[in-house]
Amino acid sequence: MRVLLVGSGGREHALAWKLAQSPLLTELHAAPGSPGIARLGECHPIRAEDSEGLLALSHSLDVDLVVVGPEAPLVAGLADVLRPAGIAVFGPSRAAAAIEGSKSFAKDVMAAAGIPTASALPVARPPCVVKADGLAAGKGVHICRSEAELEAALRAVAALGDAFVVEELLEGPELSLLAVCDGRDAVPLVPAQDFKRAYDGDLGPNTGGMGAFAPVPRLGAAEADELVDAVHRPALAELARRGSPFVGLLYAGLMMTPDGPRVLEFNCRFGDPETQAVVPLLEGDLLGVLAAAAAGELGGLALSARPGAAVTVVLAAAGYPAEGDRGSPITGVEDAEAAGALVFHAGTAVQGDRLVTNGGRVLGVTGLGDTLADARAKAYAAADLIAFDGVRRREDIALAATGDTALDVS
Ligand code: AMP
Ligand code: GLY
């Protein structure tokens, strides 16, 4: 099977790493790809937003499947350009991707499908959460516990120029539950937890994610399936009823409140960095499952997880999330790999023969182990070997969960 992977982040590198192991794969192509992906397949200098360029590339390579990583091209309608041309796509249509692209559309779907979520508030008064309506790369959400925070949030969303929604502030541990969907059915992946805030102790601004771990203590396959029954399957049914079946990866960001799970958001693609922790734990052939989903034929397939745990630590530029870094030399990636970690490239470039920074999140370092504590130790030990100017990371990824001895989840 010839596969074209669209995107260039850590998520796409993790997907490429897994797809490259598939017995079904004959050729792996990526657009635009990254220096990490270039070691696994052929990269083509076409941007993820260039749907006409991707259509032409898919034709010229005669690909059997296009796997789309990032949300922006999906929300803009990339799948609607490729599918009518006879190209199989793992990724939702523009109409279905609106579940991520528009918070108000997502709320509407949840209300119609009876999916538990935070209630909308008629007036903005703390405590509350203010969210920009459109895509904001995880940075459009403002938690407001005081009047001052609320004022700042309203100014920030006004500056974005988009509509915004105000909802109740929920409390509880968060969970990312990703499921492969074929329009009707959903196959859950191992539950993961993401670390969205920039600094240790969940302080600072929201980011795309500073780290992740999987699995989540006390959430085994049976619990994941129950959540998919309550959340993903009703969403799929409602989208299908509206004439826009969701084919691709439906990601539910959940908060496990004392009153039960609540959906914070849906995303229309694999999570990043969650994918960098989840995918290395998957047993079996991910490519076969993605291809079956794209064909609308998931029926009965499953993706089981191997025993053990994975922890991903993101190495970011000094100024992230406000700004990235370009051109600083990166050292130690091979050493980290030799130490047994997986190093996924999130924002890197090659200058001459040197690997350099090229973005906000630069690398994701994933450690695997029998327990979360093991995996965490491996990830940090490997991350210690990598250096670039201003490198910054959180020190507390998966720390609280390693104290939890109930990891035994199957
Ligand atoms: P979103 O982009 O909607 O997932 O929001 C990003 C982050 O903001 C979430 O991962 C939560 O940490 C936080 N968040 C979003 N909505 C709420 C809410 N209603 N109550 C508490 N925290 C929230
Ligand atoms: N890590 C959060 C996301 O992918 O949206």
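Any read-out appearing in this document is the output of simple, stated calculations on the displayed coordinates, not a laboratory observation. Treat the numbers as computed from the prediction; the structure is a model and nothing was measured. Every residue, glycine among them, receives a Cβ derived from its backbone with ideal geometry; neighbour counts consider all protein chains shown.
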(request) Subtract the Cα-Cα distance of A237 and R392 from 0.36 nm times their separation in residues, and report this length gain in nm to one decimal. (result) 51.6 nm
(request) Could you tell me which of rounded, prolate or oblate describes region 150-260, using a ≥ b ≥ c as the square roots of the eigenvalues of the alpha-carbon gyration tensor, with rounded for a/c under 1.5 and, failing that, prolate when a/b is larger than b/c and oblate otherwise? (result) oblate
(request) Note down the net charge around A317, summing +1 for each Lys or Arg and -1 for each Asp or Glu among other residues with Cβ under 13 Å from its Cβ. (result) +1
(request) With a point put 7 Å past each Cα toward its Cβ, work out how far E334 is from A381 in nm, to one decimal. (result) 2.1
(request) Starting from 0 in steps of 10 Å, tell me what percent of the Cα-Cα pairs of region 1-43 lands in each bin. (result) 36, 58, 5
(request) Compute the distribution of all C-alpha to C-alpha distances in region 56-173, in bins of 5 Å from 0, and list the percent of pairs in each, rounded to whole numbers. (result) 2, 11, 17, 17, 15, 12, 9, 7, 5, 3, 1, 0
(message) If packing is taken as the average number of other Cβ atoms within 10 Å across a peptide's residues, how do 31-37, 75-81, 10-16 rank, most packed first?
(response) 10-16, 31-37, 75-81
(message) Quick check: net charge around A230, other residues with Cβ under 12 Å of its Cβ, Lys/Arg +1 and Asp/Glu -1?
(response) -2
(request) With only Lys, Arg, Asp and Glu charged, each at its Cβ (+1 for the first two, -1 for the last two), find how big the charge dipole of the chain is about the Cα centre; round to the nearest 20 debye. (result) 500
(message) Quick check on the exposure proxy: order V165, V190 from fewest to most C-beta atoms within 10 angstrom.
(response) V165, V190
(request) With +1 on each Lys and Arg Cβ and -1 on each Asp and Glu Cβ, and nothing else charged, work out how big the dipole of region 286-410 is about its Cα centre, in Debye to the nearest 20. (result) 220
(message) Using a Cα-Cα cut-off of under 24 Å, which lysines could be cross-linked to K196, ignoring same-chain neighbours fewer than 8 residues away?
(response) K103, K107, K131, K139, K378
(message) Would region 308-393 count as rounded, prolate or oblate if I go by the C-alpha gyration tensor, calling it rounded below 1.5 in a/c and otherwise prolate when a/b exceeds b/c, oblate otherwise?
(response) prolate
(request) Find which of V157, A382, A111 sits farthest along the positive direction of the dipole of the chain, computed with +1 on the beta-carbon of Lys and Arg, -1 on that of Asp and Glu, about the Cα centre. (result) V157
(message) Could you work out the pair-distance distribution P(r) of the chain from its alpha-carbon pairs, with 20 angstrom bin width and percents rounded to whole numbers?
(response) 28, 62, 10
(request) Could you check which residue among L28, L368, L169 shows the biggest mean-square fluctuation in a GNM of the chain with a 10 Å Cα cutoff? (result) L169
(request) Would you mind computing, in nm to one decimal, how far apart the modelled labels at A56 and R306 are, each placed 7 Å from Cα along Cα→Cβ? (result) 4.2
(request) Let me have the 222 nm mean residue ellipticity of the chain computed from DSSP H runs of 4+ only, each contributing -39500 (n - 2.57), with the sum over all residues rounded to the nearest 500. (result) -8000 deg cm²/dmol
